[in-house]
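Each remark here refers to the structure printed beneath this line.
The values are calculated or read from the model by the stated rules, or taken from the named source; none is laboratory data. Remember, predicted model here, so these are calculated numbers, not experimental data. Heads up, the Cβs are rebuilt from the backbone with ideal geometry, glycines too, and the neighbour counts pull from every protein chain shown. Only protein heavy atoms, including side chains, enter the accessible area calculation; ligands, DNA and RNA are left aside. Shrake-Rupley method; radii C 1.70, N 1.55, O 1.52, S 1.80 Å.
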Amino acid sequence: MKRLAVYCGANSGADPLFADTAVRLGAEMAKRDIGLVYGGGKLGLMGIIADSVLAGNGEVHGVIPEALVDLEVAHQGLTELHIVTSMHERKAKMTDLCDGFIAMPGGIGTLDELFEAWSWNALGYHAKPFLLLNTGGFWDSMISFVDHVVANGFISEARREQMLVATQIDDAIEQLAHAANGAKQGMTW
């Protein structure tokens, strides 16, 4: 794995554990020479993880729509900042730049990015793995909801198994690396 896209909040959230996890994930990515692809912002968990990767001399690729740059939320100290015209272009560029996805705690933007990555995978637009980093049980209710959708016949068991989940950073990176390696060898992911 050369690069991971990390979806996360433009806020830090209510639990300090979220920010701490962003710092630790960024440091671990830099240590393993895994570049960060993210939304390009300087606020919240987005800014925290970018700063953590940079502090470890890691590579950070931000992708941000022009409208958000104009609002002065773009992080100016990145390895590379891609300025795009729309949110759709942002998500497509992030997908192109990464080998897999991690969803940390976040809001509607994080949910949008996560479900689009999963949908694009289901449609065959990419074969990149994605994982919920379930910090402090943040994703528990959504995991239960997805299981409810499976039980009601709208998502297959095989598709549900694609949604990887980890509570620990090392486990998250290992699961994604294993799944990405399987995809490169032609295994259905």
Name the single residue that is surrounded by the fewest Cβ atoms within 10 Å (Cβ to Cβ) among those in segment 110-150 being in contact (Cβ under 8 Å) with a residue 40 or more places away in the chain and part of a loop (DSSP other than H, G, I, E, B).
ALA127
Number of positions in segment 73-82 that are open to solvent by 40 Å² or more (accessible area, probe 1.4 Å) and either in contact with a helix residue (DSSP H, G or I) (Cβ under 6 Å, 6 or more places away or on another chain) or closer than 14 Å to MET46 by Cα (or both):
3
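Quick grid of which residues meet (1) in contact (Cβ under 8 Å) with a residue 40 or more places away in the chain; (2) out of contact with any helix residue (DSSP H, G or I) (no Cβ under 9 Å at 6 or more places or on another chain); (3) not in a helix (DSSP H, G or I):
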{"position": "ALA5", "(1), (2), (3)": "yes, no, yes"}
{"position": "MET46", "(1), (2), (3)": "no, no, no"}
{"position": "GLY58", "(1), (2), (3)": "no, no, yes"}
{"position": "GLU89", "(1), (2), (3)": "no, yes, no"}
{"position": "MET94", "(1), (2), (3)": "yes, no, no"}
Can you go through LEU36, LEU45 and tell me which one is within 16 Å of ASP170 (Cα to Cα) and within 13 Å of the chain's Cα centre (by Cα)?
LEU36
